[in-house]
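Every number in this text was worked out from the coordinates using simple rules, so none of it is lab data. Given the structure is predicted, the values throughout are model-derived calculations rather than measurements. Every residue, glycine as well, gets a Cβ built from its backbone with ideal geometry; the counts of neighbours run over all protein chains shown.
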Amino acid sequence: MTTVALFGNPNTGKTTLFNRLTDSYAYMGNWSGVTVEKKVGVIKNTNFAIVDLPGIYSLNPLTKDEAVATNFLLTEDQNIIVDVANASQLKRNLLLSIELLEYGKPTIIALNMIDSLRKMGISYNQHVLAKAFDCTVLMTNARGNKGTQELKQEILTEDPCLPPTNFDLPYPSSIQQAIKQAVEGLTTEYNFNPRYAKWLAIQFMNGNDAVLSFVEAQELKPLLDQAPYYRAQHFEDKIYQARLGFIEATLKTAREAGADPRVRDITAKIDRVVTHPVLGLPIFVGIFFLMFKITFDWIGTPLSNLLDAFVSGPLSSTADHWLVAVGALPFLRSLIVNGLISGVGGVLVFMPQIFALFACISILEDSGYMARAALVMDKLMSKVGLNGKAFIPLIIGFGCNVPGIMAARTIEQPKERLITSLISPYMSCSARLPIYSLFVAAFFAKNQAVIVLSLYFLGIVVALVLAKIYQKVFHSESESVFMIELPEYHLPQPAIIWHGTWDKGKGFIHKAGTVIFGGTVLIWLLSYFGPSGIANNIGDSFTALIGQFFLPIFIPIGLVSWQAISAMLTGILAKETIGATLMVLYHTSGRTVLVASLAHMFTPLSAYSFLVFILLYIPCFATIAVIKAETGSWKWAAYSVVSSLIIAYFVAVLIFQGGLLLGFH
Amino acid sequence: MALIVNILITAAIVGLAFWQIVKVVRKSKQGKCAACDYKCAAKKMSLTAKRRPS
């Protein structure tokens, strides 16, 4: 069996190319010790096996996952190397190509995504590149299935028995000399193949951690003895400079005057504005504002009002009449009409807002803006000891905190990962939307989007301030800079938007049938019964007793209704149930009636401080559980509960009392 | 008779509701959420974003 190893930077279309070259997976599993998928495929009717390796920027691994690729070169046998390079990012991609060429196996460089390069009006002379790198260079477009057949043919005709590539980069003489000495030592003392010894020496000088471990394990003295000298001479920097210089010179020679770029590079133009150091952040805020305008003012709320009119009107009354007709007794009628229809139905009417927000997020994702948002936030995040990568779990947290915290797994530094997990619950998840919608419609009808925007950003601010505190306490310093592929912008596809929206939104409908339903029935039971049996007056029910018990604590944040306290308690089950509980407790399925009742209990200022409290207080049960699962201890989960409660209380008091002092009411 | 049917239906609804809460709590303990098992672009991005030593 001839083994073909597929290397390349992340997002170069490597997997697409793998799928084009192979007809079926011969093997699929995980690389040992990491979660990266190991994929091996066979080119149909041949004995050529293709191994798809994880995307890497260089052979020097930063993570365990990346080490898979380097270890593959160190320990496993391969006959041919195919290096998939993103044609429009050649300068960076060819750095990896050089490392692979130095390995000395027959190598083919596939310049993939060649169409993107042509769009920019650039083209390179294939033959000049092939000559400079002393290997076969092919142009491919795996997405469009162009050039893949040629690549397949080239792999099949490449004879692994042929002498390997003789690519030799002109490093500075001090490095050449050191390489020569190391190779001599490795070949005479350890019987290494000269080509392999040279590659090993260069990688060692370049500070490759995986190679360093290998050299230490094998006790290769010619390299270990010289290590201090290599470091003192800054060989790592010199090697990088030599490689970059070679690539720049080669690309300059190989570049051909392409046809006039018909399609202007729109991506670069947009990026100049949206990732601008000063304008980037206001644009990010502006996009969120627009998103809430659409969600609350323009599309979500008007549709939600129609749905609400249906649920509280015809649906409730028809159900009630029908239940009377079939002889349902008052408690069953109350359970169905005041409990289920009010609670579950009352939350479901917020579906338009939820779907509108998810549609906006899907549009942002599909257009390619999300990566820019992470980039824009990187600067702010680095000030609190995190970086742009930690912002991605926070963005996911806007949908739901649970996958947000799970996404923090991808952060390599344990302290940064812990900090990200602890601050994630402060991101305003979509489950808080129904209660926001209800209150902003009742108290801030003209400024709905601004109020919700302020809550979202208050969540971010609290999270960042806490991150800064944790950074000081844990002594966590981010020693890395953030790197992310910025995909080209494209017009969002309706089918993809719909798919993304539905994928995210269906969870809300599912929750209505599970946890919201459960929570609603629970609160109905607690409000229907009291210590003395059936509570004729809701004020004598268990819910009222519990709510009234805690009420004095919440007076400083402006709460005067026990119903709000009870609602917050059920909110720990799932935040959506806060709205459902209020509907049940006020015995209404109609928003108009509820809004009128709320107007007696809240002022705009106390309503806002209530929303702030809901934003920041105890995470829902699922989030607490996931914090425990991800940090591996109940201690952190308990800490998260207690700290968020204190912070929520403190901020809400500050807003309410501060607001009163400033003359708001 | 009507009372028994009413009580049975009510008990069934209440029982189902409690069963749902138990299920959600159990699922939560495994670190799963009822709402989100989607693979959005941001989630994928979190896997591909890399960091370089400065």
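Which of the aspartates and glutamates could a cross-linker span from A:Lys269 if the Cα-Cα distance has to be under 15 Å and same-chain partners fewer than 8 positions apart are dropped?
A:Glu488
Describe numerically, in nm with one decimal, the distance between label points set 7 Å from Cα along Cα→Cβ at A:Ser532 and at A:Ala638.
4.0
Full-extension gain between A:Lys91 and A:Gln181, please, as 0.36 nm times their residue separation minus the C-alpha to C-alpha distance.
Difference between extended and current length: 29.4 nm.
Put a dot 7 Å past each Cα toward the Cβ at A:Thr592 and A:Asn166; how far apart are the dots in nm?
8.9
For chain A, with the dipole built from +1 on Lys and Arg beta-carbon atoms and -1 on Asp and Glu ones, taken about the Cα centre, which of A:Val68, A:Asn93, A:Ala5 lies farthest toward the positive end?
With unit charges placed on the Cβ atoms, the residue in question is A:Asn93.
Explain nothing, just the number: dipole magnitude of the stretch A:281-661 about its Cα centre with +1 on each Lys and Arg Cβ and -1 on each Asp and Glu Cβ, in debye rounded to the nearest 20.
Approximately 400 debye in magnitude.
Can you pull the one-decimal nm distance between simple spin-label points at A:Val450 and A:Lys64, each 7 Å off the Cα toward Cβ?
5.0
If you put +1 on each Lys and Arg Cβ and -1 on each Asp and Glu Cβ, how big is the dipole of the stretch A:2-157 around its Cα centre, in Debye rounded to 20?
520
How much length is gained on full extension from A:Asn45 to A:His321, taking 0.36 nm per residue of separation minus their Cα-Cα distance?
Extra length from A:Asn45 to A:His321 when fully extended: 92.3 nm.
Nearest 20 debye, what's the magnitude of the dipole of the stretch A:212-351 about its Cα centre given +1 on Lys and Arg Cβ and -1 on Asp and Glu Cβ?
320
At a 10 Å Cβ-Cβ cut-off, how would you order A:His510, A:His665, fewest neighbours first?
Going from sparsest to densest Cβ surroundings: A:His665, A:His510.
Taking the Cβ-Cβ separation of A:Leu660 and A:Lys506 as r and a Förster radius of 51 Å, what is the calculated FRET efficiency to the nearest 0.05?
Efficiency, from the Cβ-Cβ distance: 0.75.
Of A:Pro172, A:Ala374, A:Phe284, which is farthest towards the positive pole of the protein assembly as shown's charge dipole, taken about the Cα centre with +1 and -1 on the beta-carbons of Lys, Arg and Asp, Glu respectively?
A:Phe284
Of A:Glu256, A:Glu630, how do they rank once you tally other Cβ atoms within 10 Å and put the fewest first?
A:Glu256, A:Glu630
For the cross-link pairs A:Lys575/B:Lys23; A:Lys64/A:Lys152; A:Lys415/A:Lys635, which exceed 22 Å when the distance is taken from alpha carbon to alpha carbon?
Over 22 Å apart, Cα to Cα: A:Lys64/A:Lys152.
Rounded, prolate or oblate: pick one for the stretch A:281-661, where a ≥ b ≥ c are the square roots of the eigenvalues of its C-alpha gyration tensor, a/c under 1.5 means rounded, and failing that, prolate if a/b is larger than b/c, else oblate.
Taking the square roots of the gyration eigenvalues as a ≥ b ≥ c, the stretch A:281-661 is prolate.
Order these by the 10 Å Cβ neighbour count, fewest first: A:Ile546, A:Ile361.
A:Ile546, A:Ile361
Which FRET efficiency value, to the nearest 0.05, do you get for A:Gln493 and A:Val285 by plugging their Cβ-Cβ distance into 1/(1 + (r/R0)^6) with R0 = 22 Å?
The pair A:Gln493/A:Val285 has a calculated efficiency of 0.25.
May I ask for the distance between the Cα centers of the stretch A:558-574 and the stretch A:350-375, given as a whole number of Å?
Centre-to-centre (Cα) distance: 30 Å.
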